[in-house]
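A quick write-up on the structure given underneath.
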Amino acid sequence: MTIRIRQIHPVFVGEVEGVDLRRPLAAEEVAAIEEGMDRYAVLVFHDQPLSDEQQVAFSRNFGEIEPAVNSNVTRPEDRRLSIELADISNLDRDHRVFARDDRRRMFNLGNELWHSDSSFKATPAKYSLLSARAIPTRGGNTEFADMRAAYDALDDETKAEVEDLICEHSLIYSRGLLGFTEFTEEEKITFAPVRQRLVRTHPVTGRKSLFLASHAGTIVGWPMPEARAFLRDLVEHATQREFVHAHEWRQHDLVMWDNRQTMHRARRYKADEVRDMRRTTIAGDGPTVAQADAARESAPAIAQA
Ligand code: OGA
Ligand code: MN
């Protein structure tokens, strides 16, 4: 079987056929998927009934797994899944649906805000791979937005303005937008803000994209209200319908996205229905601020003349 990828949205998103993700892949197959990711930024695979181990093994083709820690308010002893899998479900460790006002559920509702995974960590994520094990009867789509298209559509003046801006991202900012403001002292330390560039350059294609997320709550050197108003404008611009694809889940879909080039968000579904989604995350290369410094140092020293 050879891998075929068909673009299903005018600007991004490919649907992949001709591969069984439960089996070890040939090097050419991995390369075809990587190329597809560079080009389409989101890939959809249907009919992939994976075990956790198979999901982890498939994910490892694309880099090191980012451990699923320090990204929610579930205590380690209450984990349902191994450390390699982020639990995107609404289930406790006994497989019971969270109560509507469960603190973990309320925190996880932050996934309904546009974001890029782990932008609140010093090294943000490369890819995320989300497997639908059980889905609700309706609702619960995941939407994706193409941050390259969003960047390209900025006017030149705005492109120049955002080029070197640095934002601070934190789970405390994104949850605060929903009125979730009660953090323990330990959580305040774990979720302390980190710095990220607002414009990133893809290491393979060289395309620029806006690195936005609801986690972004300040721009370094800007007055807070001005920063937040501008970031809101940018998110609104970047999530216009022409840059957005809504994925309607079928059980056993696996959707894989590049967090460096896209944002995503979950859509609502009924609080009493099971939605069992499991995510593996591929670690990024390093802090985005450091990447920019490295690029500048290796560039010809024309500016210093
Ligand atoms: C994620 C995420 C959205 C969803 O897995 O990182 O944000 O629809 N998921 O569950
Ligand atoms: Mn996410």
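A short reminder: the numbers here are calculations on the coordinates, not readings from a lab. It should be emphasised that the depicted structure is a prediction, and the values quoted were computed from it without experimental measurement. Glycine also receives a Cβ, built like all others from the backbone with ideal geometry; neighbour counts cover every protein chain displayed.
Here are some notes:
- The length gained on full extension between Thr205 and Glu161, counted as 0.36 nm times the residue separation minus their Cα-Cα distance, comes to 13.6 nm.
- When the Cα gyration tensor is reduced to axis lengths a ≥ b ≥ c, the ratio a/c is 1.5 or higher for the range 5-136, and with a/b above b/c it is classed as prolate.
- Theoretical FRET efficiency, 1/(1+(r/R0)^6), r = Cβ-Cβ of Asp233 and Arg103, R0 41 Å, to 0.05: 0.80
- Inter-label distance, nm, simple model (7 Å from Cα along the C-beta direction), Arg60/Arg195: 3.6
- 12 Å cut-off, amide nitrogen to a point 7 angstrom out along Thr184 Cα→Cβ, residues in the range 72-104: 73-78
- Estimated FRET transfer efficiency when R0 is 25 angstrom, pair Thr123-Glu34 (beta carbons, to 0.05): 0.80
- Mean residue ellipticity at 222 nm, helices only, the chain: -7500 deg cm²/dmol; runs of at least 4 DSSP H residues each add -39,500 (n - 2.57), and the sum is divided by the number of residues.
- Qualifying lysines (Cα of each under 28 Å from Cα of Lys126; at least 8 residues distant if same chain): Lys159, Lys188, Lys208
- Alpha-carbon Debye profile of the range 181-252, log10 I(q)/I(0) at 0.22 Å⁻¹: -1.08
- Volume of the Cα convex hull of the chain, divided per residue and given in Å³: 141
- Bridging of Lys270 to aspartates and glutamates at a Cα separation below 16 Å is possible for Asp101, Asp102, Glu112, Glu248, once same-chain residues fewer than 8 apart are set aside.
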